[in-house]
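Some notes on the structure that comes next.
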Amino acid sequence: IIWSRHHTNIRWTLPAVCFVWQTAMIILFGVFVRYNGESDAHWAEFKMARNITSDIDNDFYFRYPSFQDVHVMIFVGFGFLMTFLKRYSFGGVGFNFLVAAFGLQWALLMQGWFHSLDYTDGMIKIGIENLINADFCVAGCLIAYGAVLGKVSPVQLMVMTLFGITLFAVEEYIISDLLHARDAGGSMVIHIFGGYYGLAISWVLYRPNLKESSQLQGSVYHSDVFAMIGTLFLWMFWPSFNSATCDHGDGQHRAAINTYLSLAATVLTTFAISSLSQKHGKLDMVHIQNSTLAGGVAVGTAAEFMLMPYGSLIVGFCCGLLSTLGYLYITPFMEKKLKIQDTCGIHNLHAMPGVIGGIVGAITAAAATESVYGKEGLVNTFDFTNEFKNRTPAVQGGYQAAAMCVAVCFGIGGGTLVGLILRMPIWGDVTDDNCFNDEFYWEVPDEEEIVVPVLEYNNHMTPNKHTDM
Amino acid sequence: IIWSRHHTNIRWTLPAVCFVWQTAMIILFGVFVRYNGESDAHWAEFKMARNITSDIDNDFYFRYPSFQDVHVMIFVGFGFLMTFLKRYSFGGVGFNFLVAAFGLQWALLMQGWFHSLDYTDGMIKIGIENLINADFCVAGCLIAYGAVLGKVSPVQLMVMTLFGITLFAVEEYIISDLLHARDAGGSMVIHIFGGYYGLAISWVLYRPNLKESSQLQGSVYHSDVFAMIGTLFLWMFWPSFNSATCDHGDGQHRAAINTYLSLAATVLTTFAISSLSQKHGKLDMVHIQNSTLAGGVAVGTAAEFMLMPYGSLIVGFCCGLLSTLGYLYITPFMEKKLKIQDTCGIHNLHAMPGVIGGIVGAITAAAATESVYGKEGLVNTFDFTNEFKNRTPAVQGGYQAAAMCVAVCFGIGGGTLVGLILRMPIWGDVTDDNCFNDEFYWEVPDEEEIVVPVLEYNNHMTPNKHTDM
Amino acid sequence: IIWSRHHTNIRWTLPAVCFVWQTAMIILFGVFVRYNGESDAHWAEFKMARNITSDIDNDFYFRYPSFQDVHVMIFVGFGFLMTFLKRYSFGGVGFNFLVAAFGLQWALLMQGWFHSLDYTDGMIKIGIENLINADFCVAGCLIAYGAVLGKVSPVQLMVMTLFGITLFAVEEYIISDLLHARDAGGSMVIHIFGGYYGLAISWVLYRPNLKESSQLQGSVYHSDVFAMIGTLFLWMFWPSFNSATCDHGDGQHRAAINTYLSLAATVLTTFAISSLSQKHGKLDMVHIQNSTLAGGVAVGTAAEFMLMPYGSLIVGFCCGLLSTLGYLYITPFMEKKLKIQDTCGIHNLHAMPGVIGGIVGAITAAAATESVYGKEGLVNTFDFTNEFKNRTPAVQGGYQAAAMCVAVCFGIGGGTLVGLILRMPIWGDVTDDNCFNDEFYWEVPDEEEIVVPVLEYNNHMTPNKHTDM
């Protein structure tokens, strides 16, 4: 008891980290961040200078509905997906909240320096698209959280997020600017990176005696229903995720359609494999909660491309199948042979479907033709402008493949390094036999109390319902 | 035990159905489905040809926010509304998910052939409005699911959905194209059809010994709270449902206002009747979860009409009253006398309010005048163009009434036929005494385990909270 | 038992209030309420008269996505935030639903008379902005509900709402029209008023023996997770709340950014103080559920101003800190010394952050300059037009401060008077020892039943899972 108290006491470290980092954010935002032309009060002049006739042409109206959907995915989607453990729901949804709220601030800065720097005054100019990208960046870290859910302290999560966001921003810059790869829904930038980042960390933090916590590493009936809230909000709003930062007009429109279709197909193959895998054909909630989402991941890179409706269905079909098989065979294999303990199975939901998405993106980019896209459509979709105006689809396919490798390397390399930092014995994490337990970081209500009033009540306080009405 | 295992084993049928149908979808989409002018990469040329100046005039921006709301209604709204049973929450939200994901694909095809076929190349051209209509179509089948909740196998649900979508598409074609009836929110097309379709199936599948499952045919405290998630998302987003496919501009605007008001009034009369019906005035969660939504159903057909704000309130007032009375008197009557077992009371929530909606639509259409709508407004609202340009409001009222009859006939007739198919003993459904129980189709976590860690924990693993802090 | 039955019997009062008030609404809407130019079928003519070229310039498309988010906040946000009590979840989400549905109708009328009256025909003309404002108005009353949660009857809540909406509309008219103060997110109009209104009522209704209900005045594990649904939807959609009625274009855009940032900072300081306050650094769900939202309240008044990103972070930083300290020190102090029992701690979440918001608004308004806003931007942001065209920022700051005083006075004065009305012994409220208990107003399912089927099931009805598969 004494050492456990000592170990998980985060009374000084967590507040210190929160205050220091939030103060740093205020100072850095003060020095570097301002509104952009569409969110600044000088909009009237901006509009006139660009000959914009209606306020509705402000980028806000193109992207705000999608932004809010993405926001729901980050906080309710990821948060509730992680409430499935019987006694770690507070940690699942609560730490997700903490980490995301910190991460988005740091992401606005990191991504801002790379993408939204106004060289005339050295300021980062932010608008609605920056908020979406910050949420995307956070998603990468939340994916990684899924691998270590229940096994790390909130302080470790904050450290993991600080480095994760930093690595993400560099990786994203290389992929989208230097390689000029397209990745609308972030199959590579977000899901491959986040997935391998989390798996690498979990590998470094391997807990040999984790089975001593096995009685808490499972769900109860209602925690599985809570997790379905997360699943469904992720599933429903994924079209917004993949289309949020696409080109105005057909780009956003097509990305939403492709994602909608891919996800629908995934559901059917997930149910099929889940049922096939049990002697009596019973369905497993773990598969339904997770693998149904793999199609959204895998269609991310190519979401804006002319994937065609049937192409989206094929991607979804394969992903539901592979992701569910992953839960059945790859996760146990990874745990036993590779010493990678992956609480939420992010390898099946993010890493592997992300790789599929990257491959689909590379192939469909390489196969793009002017007859399918139209002359202007091809240029718009792949942004073959300025220094990239002579790039051909075939070459683009090569760069897409290269981008995928960059994402894998950043994930594994970054995760390994950060994992080593997190092994330092100062972060307040629990021992192997106390994982998946909210009691170490949260004031948890006494559960027995619920019995008392009900019994007492039925006997003494009110008339008996059945005889009395 | 042995026969029960035999009966509910869906290990081969469910995967087979999922794989076969998903494969069929891929093939049919490959042959028939392409992007439409607003979601295709040729949008730049499309825009120029139609003299569209801004990307914001893409239909995507008129309808996407409403689409996402409708999507939430289908998956979270219907799904969580059906989690109210104490031990069928997995089946409620999970099978809803499966059925909707399959149904929307089939709906895109069926509705596409009737409404979005491009005769120049024989292809269905899809855009955001098709996605909304597919979700609508699915809603009809999910309504029907409500009548048989807990009593059918997932394979039966898939069959029910396949035929339901097919019937829906034909019915919708007759109502909206041949009769040229208006039905913005689908009171007739969706709710009457779906309601009677489900009731007829439930009638054919009558279970004489269902009372042997009565200990599971009820809620527990937290399952009722879960169901309120469904109720509220349906209630809040119903304005989007009724306005999603209305005319751009005033049409969508007015439909949202009418629905908002109607639903508000429904809540008050539902609470009133629910309280009145109990000796001590206690409220019944079944009424609050369901009858509060009836106003959204009933205002569906006339949502786009000049119903006037007070007209919407009157519709809502009547529906809350009638729907709650339905739960109190009609549902028990139907179960005892008509042998119709209606788990969720869809007769009170969908069928009956749908009929009210159809009647309101017919009357208000017949009463429409140019002074109220304006000359152009009347033509736009009722789409009195092309071959219908000489139709008068009075005649329109007659066609609206006819449409209602079509919906009732398709629901009852189709449901009876499909019910007969579902009586075949090959679908893996449970016996009468095993209804409303997730254990037959789902891996359900052992509930006792929750007690173990809590007790053990309090005694051994951590310091006592009360003495220690 | 006998008197308790007598007291809480609302079988006649609740239905009577619902029917009378709903009927009154129908009559008043019939006499007074019509569609406005953008929701009326005459839109085609309206458009032509104003030279509007595209339907997308209908106000509906500027505000509908934000409206739906606000709607979710009112019904799911406030509703689920109040499900945290172990045995008052039905009352929390259910009465919230009832009160909001009634309140929004009365708000449309009251606000309509003050703001949307068409003097040519004496009619209130409503559109999407009226719906948002009605939801805002309701928010004030729901905040007040938080103070008396579990201690009042639904009839008292209806009375409280009737008067609350009335007072709100007058207060809003004084603040926004007479004083011409700006208050985009309603820090003053909604949160200060609603907060002090509820606290004053709770003070008048002081229950000296409330500790006899203390065994029910707490949460259980899953009720805390339910409450997080409310928290997160409020947190995520707060940018929509603060931007919903802002100026088209940069106004809405900037308000969303400011709110997003402020809320992010609040999360970090809330976690920090919550952890600091416990001996072992454990987090308290009460803080996480509530104080994380304070930043959204406090940035409300100044949301549309050029607060700058770092300014928003500073506001959020301070609010998370103060609000959490409020839960730790001010709430117990108020309960013991001031006899104000505040169930949800609305003083910490609404009243105090509202005051901070009012102060921030006054200071930043007074400090506004043409160089920061631009000439046109300054006029647009503060609406320095017509009779206010000569007002300077400094003077505006003074009026902002005056507005804050008006809100405080209306809250405290109105709450005290309404509290006296609610002390009449006719409203069916429970005694001090029966608070926080759903059983008095709701049919609550017997909880024991859940044990029976599970045990019985495992022993008799199905094969044992572990040995059988």
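Annotations
- With a Förster radius of 56 Å applied to the C-beta separation of A:W12 and B:S214, the computed FRET efficiency comes to 0.50.
- Within 10 Å of the Cβ of each residue in A:240-246, the mean number of Cβ atoms contributed by other protein chains is 1.
- What the Cβ-Cβ distance of C:I421 and C:Y119 gives, at R0 = 41 Å and to the nearest 0.05, is a FRET efficiency of 0.75.
- Each Lys or Arg adds one and each Asp or Glu takes one away; over the other residues whose Cβ falls under 12 Å from the Cβ of B:F226, this sums to -1.
- Candidates C:C18, B:S274, B:F97 compared by Cα position along the dipole of the protein assembly as shown: farthest toward the positive end lies B:S274, with charges placed on Cβ.
- Average Cα contact separation per residue, chain A, under 8 Å, 6 or more apart, as relative contact order %: 22 percent
- Distribution of pairwise C-alpha distances over the protein assembly as shown, 20 Å bins, in %: 11, 42, 40, 7, 0
- Nearest 10 degrees, 0 to 90: helix C:13-32 Cα axis against chain C principal axis: 20 degrees
- Accessible surface of chain C, 1.4 Å probe, proportion on carbon and sulfur as whole %: 63 percent
- Between B:D446 and B:Y206, the contour length at 0.36 nm per residue exceeds the alpha carbon distance by 83.2 nm.
- Three-way shape label, region B:1-126, alpha-carbon gyration tensor, a/c 1.5: oblate
- Unit charges on C-beta of K, R, D, E only; dipole of region C:378-446, Debye: 920 debye
- Partner chain coverage, peptide C:95-101 - average Cβ within 10 angstrom: 5
- Highest to lowest packing among B:282-291, A:55-64, B:385-394, B:143-152, scored as the average C-beta count within 10 Å: B:143-152, B:282-291, A:55-64, B:385-394
- Taking Cβ atoms as reference points and 14 Å as the exclusive limit, the residues near B:C141 contribute a net charge of -3, counting Lys and Arg as +1 and Asp and Glu as -1.
- Cβ neighbours within 10 Å from other chains - mean over A:287-293: 2
- Within straight-line cross-link reach of A:K211, lysines at Cα separation under 26 Å, skipping those fewer than 8 residues along the same chain: A:K86, A:K151, A:K279, A:K282, A:K336, A:K337, A:K339, C:K282, C:K465
- Cross-link partners of A:K375 among lysines (Cα-Cα below 29 Å; sequence separation of 8 or more within a chain): A:K389, B:K47, B:K125
- Rounded accessible area of B:K337 (nearest 10 Å², 1.4 Å probe): 140 Å²
- Theoretical FRET efficiency, 1/(1+(r/R0)^6), r = Cβ-Cβ of B:D177 and B:A394, R0 25 Å, to 0.05: 0.75
- Calculated P(r) of region A:315-358 - Cα pairs past 12 Å, %: 56 percent
- Accessible solvent surface per residue of chain C, calculated while the other protein chains remain in place, 1.4 angstrom probe, Å²: 29 Å²
- Among A:W442, C:W427, A:W113, the order of accessible area from largest down is A:W113, C:W427, A:W442, computed with a 1.4 Å probe on protein heavy atoms.
- Estimated purely from DSSP H runs of n ≥ 4, each contributing -39500 (n - 2.57), the mean residue ellipticity at 222 nm for the protein assembly as shown is -19500 deg cm²/dmol once divided by its residues.
- Put a plus charge on the Cβ of each Lys and Arg, a minus charge on the Cβ of each Asp and Glu, and nothing anywhere else: the dipole of the protein assembly as shown about its Cα centre is then about 1380 debye.
- Environment charge of B:L210, counting only residues whose C-beta is closer than 10 Å and scoring Lys/Arg +1, Asp/Glu -1: -1
- Minimum 10 Å² accessible area buried by the other protein chains, region B:301-320 residues, probe 1.4 Å, relative to alone: B:M306, B:M308, B:P309, B:Y310, B:L313, B:I314, B:F317
- Protein-only accessible surface order, largest first, of C:M123, A:M228 at 1.4 Å: C:M123, A:M228
- Rounded to the nearest 20 debye, the dipole magnitude of region C:8-99 is 620 debye, with +1 charges on Lys and Arg beta carbons, -1 on Asp and Glu beta carbons, and the Cα centre as origin.
- Against the main long axis of the alpha-carbon atoms of chain B, helix B:59-72 sits at an angle near 20°.
- For the chain pair A and B, the interface hides roughly 8200 square angstrom of accessible area in total, found with a 1.4 Å probe.
- Solvent-accessible area of B:D69, all protein chains in place: 20 Å² (probe radius 1.4 Å, heavy atoms, ligands and nucleic acids excluded).
- Based on the Kirkwood approach, the hydrodynamic radius assigned to region A:29-71 is 11.8 Å, with every pair of different Cα atoms included.
- With every protein chain in place and a 1.4 angstrom probe, the accessible-area ranking of A:H115, C:H350, largest first, reads A:H115, C:H350.
The values are calculated or read from the model by the stated rules, or taken from the named source; none is laboratory data. Note that the structure is predicted; figures quoted are calculated from it, not measured. Neighbour counts are summed over all protein chains in view; Cβ atoms, including those assigned to glycine, are modelled from backbone coordinates with ideal geometry. The protein model used for the area step is the full one, side chains on, heavy atoms only, and it has no ligands, DNA or RNA in it. Shrake-Rupley method; radii C 1.70, N 1.55, O 1.52, S 1.80 Å.
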